[in-house]
Amino acid sequence: MDTTAFINAVVSNPIIAAIKDHDGLEKCLVCDNVRIVFVLYGDICNISEIVERIKGAGKIAIVHVDLVAGLSNKEIAVDFIHRNTQADGIISTRQAFIHRAKELNMHSILRVFVLDSIALSSLGKLESAHPDFIDVLPGTMPKTIRKVCSIVSVPVMTGGLIADKDDVIAALEAGAVAISTTNQSIWEM
């Protein structure tokens with residue numbers, strides 16, 4: 001899937017299932033509303049199987065490479081995901097991982113925690129990593145999401161602390177193109 005098709009898939013399916021355990025995996029596999037899955041757990045022994053099950057259900061699998069136990073904090077972790085799984089892409093807080101994913105023709109999402117004005121003011125510099133999306137956390141800050149969208153030219157998504165339909169609507173109205181959540185009731189919206 002090329003970058004444009006990936007971006008279009010996210011925009012047309014703005015609620016993304018984020019899974020943090022096997023229960024979430026089982027639920028997302030049978031949820032018709034879920035097309036894209038963020039994998040937020042696993043280890044080097046089971047990540048390939050987790051991704052294989054997601055892909056087998058016809059869904060897009062994006063692995064949060066920083067959260068896979070047993071991988072190093074070096075770019076070789078991205079190579080491992082690329083070579084040993086069918087993942088469509090990665091999420092990472094590390095710009096070097098995003099660069100490496102792009103070199104390997106993988107989709108990439110740069111996750112950013114906007115905790116203060118310093119983090120907010122540095123967002124423009126993050127685009128040099130050329131991610132497909134910038135994922136702003138937490139997702140319950142519509143004013144901040146709006147500000148991020150005005151700073152960066154990369155599409156913005158958000159997640160973290162999304163609790164209900166009002167949070168989803170507020171994030172999307174603030175300019176996010178999608179939200180990710182582990183809250184399974186929101187997957188059904």
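Bear in mind these aren't lab numbers, they're just calculated from the coordinates by the rules spelled out. Keep in mind that this is a model prediction, so the values were computed, not measured. Counting neighbours? That spans all protein chains shown, and the Cβs are built from the backbone with ideal geometry, glycine included.
Couple of notes before you dig in:
- Overall size of the chain from C-alpha positions, given as principal axis extents largest first: 40, 35, 28 Å.
- In region 3-187, a dipole from Cβ-located charges (positive for Lys and Arg, negative for Asp and Glu) runs towards its positive end, and of Gln95, Val68, Ile151 it is Ile151 whose Cα lies farthest in that direction.
- Dipole magnitude of region 1-133, debye to nearest 20 (Cβ charges: Lys/Arg +1, Asp/Glu -1, about Cα centre): 140 debye
- Projecting the Cα atoms of Met189, Gly124, Val177 onto the dipole axis of region 116-189, where Lys and Arg carry +1 and Asp and Glu carry -1 at the beta carbon, places Gly124 farthest toward the positive end.
- In angstrom, the C-alpha Rg and Dmax of region 85-139 are 11.5, 38.
- Helix-only CD estimate at 222 nm, as mean residue ellipticity for the chain, using -39500 (n - 2.57) per DSSP H run (n ≥ 4): -11000 deg cm²/dmol
- For the residue pairs Lys20/Lys55; Lys74/Lys147; Lys74/Lys102; Lys27/Lys165; Lys125/Lys147; Lys102/Lys125, alpha carbon separations beyond 21 Å are given by Lys74/Lys147.
- Local net charge near Ile179, Cβ-Cβ under 10 Å (Lys/Arg +1, Asp/Glu -1): -2
- Here the Debye sum runs over all C-alpha atoms of region 40-138 as equal scatterers in vacuum, and log10 of I(q)/I(0) at q = 0.24 Å⁻¹ comes out as -1.24.
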